[in-house]
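The values are calculated or read from the model by the stated rules, or taken from the named source; none is laboratory data. Everything numeric here is computed off the predicted structure, so don't read it as measured data. Don't worry about glycine lacking a Cβ; one is built from the backbone with ideal geometry, like all the others, and counts go over all protein chains shown. What goes into the accessible areas is simple: the full protein's heavy atoms, side chains included, and nothing from ligands, DNA or RNA. Shrake-Rupley method; radii C 1.70, N 1.55, O 1.52, S 1.80 Å.
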Amino acid sequence: MSRDKEGRRSMLALLPGPVTAVVTALALVACTGGGSGPPTGNAGQVTGSNRAGQEPRVLRTVEGLSVPWSTVFLPDGTAVISERDSATLKAVKDGKTTVLGSVPGVEPGGEGGLLGLAVSPHFASDRSLFAYFTARSDNRIARLTLTERDPGGALGLGPPETIFAGIPKASTHNGGRIRFGPDGNLYVGTGDSQRRDQPQDPNALGGKILRITEKGEPAPGNPFGDNPVYSLGHRNVQGLDWDDAGRLWSSEFGPNVDDELNLIQPGGNYGWPEVTGAPGNPGFIDAKVVWPSTAESSPSGLEIVGSTAYLGALRGQRLWAVPLDGENAGNPVSHFTAKFGRIRDVSLAPDGTLWMLTNNQNPDSALILAPPGSRGD
């Protein structure tokens, strides 16, 4: 499992029974939902997991957000949220929202702006937060230092240090999700930036999952040598997470068909633009779950809890729960369909709650969830 998730789970072991039970129950949410979806391809290999039931309960709402894109958590439980168009970082702690600051150099436009966040595995010593954002000429990743404004612990934002640049940008298909893996390296989901020649070119950065060090160098052991590319043939990667066995999964936008949940292999080719979904073509890796209609999904942020993958759906306006069994994925179950609008991100907090970000609701919010049957206090 990834270091940030490992740290959260070690913290949960110290929490009282009712809170710890939240996490245990989250792994069962895929068994209960507001109706199953219509996935095809390799989905459906896990059976007996789709009984309809009660949706997760909304415990509370954090309001006052504008087009939020990513939520990460500091070791003390503080949530840090990026706002795409305002280029602002906001912190939420003990129910209070404060502004950390704006990230200089961000050039919002279309689907670009301040996008994914990742907390340094060494945050206690380096106070570093990493951000993926759209600049004037490209998409790039910068290291930010969180400072203490006053003895009361209020946080401020230091100047950015660019560690990786040159990811192609466009009005759409900018990717943007970043996450530290179990190996301590930073994984980066990029989009094809409407350049269809890029995803199949291992020397191009568009339409890829990249694997780099904290300093922005290609990580040792990458499949294409001294090259940041980890997997290729992607259209627009939106979510990244690891299961308990250390397997990397990703969510990805299809064109007008075939949204995907993929199990990522080093050096694997996932087919775009030659194929989408799970056609079984030699030389390409099939998706584990395929949503034939993008109107029902457009999967964005991804969080794996126990044996369940949770995906926020933009056009689909719902939370998808997908049961996982090893390398197999079962039939997705939908929650909150058309209730809260577009869901951009899903993140597990240190206290076991699940945070969902609504997107383009004017105003937007973070919804904090507990699973059915939990006390929620």
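General remarks:
- Every residue from the range 179-199 that is out of contact with any His (no Cβ under 7 Å at 6 or more places or on another chain) and assigned to a strand (DSSP E or B): Arg179, Phe180, Leu186, Tyr187, Val188, Gly189
- Residues of the range 336-352 that are over 27 Å from Ala295 (Cβ atoms) and out of contact with any Asp or Glu (no Cβ under 9 Å at 6 or more places or on another chain): Ala349, Asp351, Gly352.
- Count of residues meeting criterion [assigned to a loop (DSSP other than H, G, I, E, B) and either surrounded by 16 or more Cβ atoms within 10 Å (Cβ to Cβ) or not charged (D, E, K, R) (or both)] in the range 72-84: 5
- Looking across the range 256-279, the residues that are touching a residue at least 12 places away in the same chain (Cβ under 8 Å), among the hydrophobic types (A, V, I, L, M, F, W, C) and more than 23 Å from Tyr187 (Cα to Cα) come down to Val257, Ala278.
- Any pair with Cβ under 6 angstrom, 6 or more apart, that starts in the range 120-141 at a residue that is closer than 14 Å to Phe73 by Cβ and open to solvent by 10 Å² or more (accessible area, probe 1.4 Å) and ends at one that is modelled with pLDDT of 95 or more and not in a loop (DSSP other than H, G, I, E, B): Pro121/Phe180
- Scope the range 185-227; condition touching an Asp or Glu at 6+ places or on another chain (Cβ under 8 Å) and either modelled with pLDDT under 95 or of a type in the set (A, V, I, L, M, F, W, C) (or both); matching residues: Leu186, Ala204, Ala219
- Evaluation of Val99 against (1) touching a Ser or Thr at 6+ places or on another chain (Cβ under 8 Å); (2) aliphatic (A, V, I, L, M); (3) not in a strand (DSSP E or B) (one fails), failing number: (3)
- Conditions (1) touching a residue at least 12 places away in the same chain (Cβ under 8 Å); (2) farther than 26 Å from Val67 by Cβ; (3) not β-branched (Val, Ile, Thr); number of the one not met by Pro282: (1)
- Which numbered condition Gly158 fails, given (1) free of Cβ contacts under 8 Å to residues at least 24 places away in the same chain; (2) on the phi > 0 side of the Ramachandran plot; (3) open to solvent by less than 50 Å² (accessible area, probe 1.4 Å): (2)
- Of everything in the range 217-241 that is touching a residue at least 60 places away in the same chain (Cβ under 8 Å) and open to solvent by less than 10 Å² (accessible area, probe 1.4 Å), the residue that is farthest from the chain's Cα centre (by Cα) is Asn236.
- Criterion (surrounded by 24 or more Cβ atoms within 10 Å (Cβ to Cβ), in contact (Cβ under 8 Å) with a residue 40 or more places away in the chain and part of a loop (DSSP other than H, G, I, E, B)) met by exactly one of Gly206, Gly176: Gly176
- In the range 337-352, residue nearest to Asp259 (Cα to Cα) [restricted to those that are open to solvent by less than 10 Å² (accessible area, probe 1.4 Å) and out of contact with any Phe, Trp or Tyr (no Cβ under 7 Å at 6 or more places or on another chain)]: Ile343
- Looking across the range 58-71, the residues that are surrounded by fewer than 21 Cβ atoms within 10 Å (Cβ to Cβ) and not acidic (Asp, Glu) come down to Val58, Leu59, Arg60, Thr61, Gly64, Ser66.
- Some residue of the range 280-289 being in contact with a Pro (Cβ under 7 Å, 6 or more places away or on another chain) and surrounded by 20 or more Cβ atoms within 10 Å (Cβ to Cβ): yes
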